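The values are calculated or read from the model by the stated rules, or taken from the named source; none is laboratory data. What you are looking at is a predicted structure, and each value in this text was computed from that prediction instead of being measured. So basically every Cβ, Gly included, is an ideal-geometry build from the backbone, and we count neighbours across all protein chains shown.
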Amino acid sequence: MEIKVTVKQLGRKHPILSEQKIEIEYHHPEITLENLLKLIVQQQVESFNSKSFEQEDVDNTKAPAENYLNILTDTGKAGFGSIYNEKKADVQKAQENAVQAFEDGMFAVFYNEEQLESLSQTIDLSTQHTFAFIRLTFLAGSYW
């Protein structure tokens, strides 16, 4: 089943990633938020693990497109498409981390502009609305 996902970070004018279509292995019209998170993480880990790792003797510059460079520098994370860590991601550990992060309030999930607040909440996928994942950033500071 194909779902539409948008990932955003609060405080940014433009989303870090624009709307994407993700293919998950699920064939029923309804799903719980917990199962959906696990299926999305599984798809993303499998996609990551299938990428080839580069072993280069020379560091060839892979400059991003000019219009995307400002977004990269604003976030402080300029990546050039190379993966230097050869370790494959563990699907089960990644799924546990995603569920724990949701429970800890590290990100919020919206479906058709309605916030999903419980992992046991049932979602009707037949409506084919876009999911929005918003990474929440906590303020650091002191009271003095």
Do any residues in the range 90-110 that are on the phi < 0 side of the Ramachandran plot have Cβ atoms under 9 Å from those of residues that are assigned to a strand (DSSP E or B) and among the charged types (D, E, K, R), where the two are at least six apart or on different chains, and which pairs are they?
106/135; 107/135; 108/135
For residue 143: the one exception among (1) assigned to a strand (DSSP E or B); (2) modelled with pLDDT under 95; (3) farther than 25 Å from residue 49 by Cα:
(1)
Within the range 19-46, how many residues are modelled with pLDDT of 90 or more and surrounded by 12 or more Cβ atoms within 10 Å (Cβ to Cβ)?
19
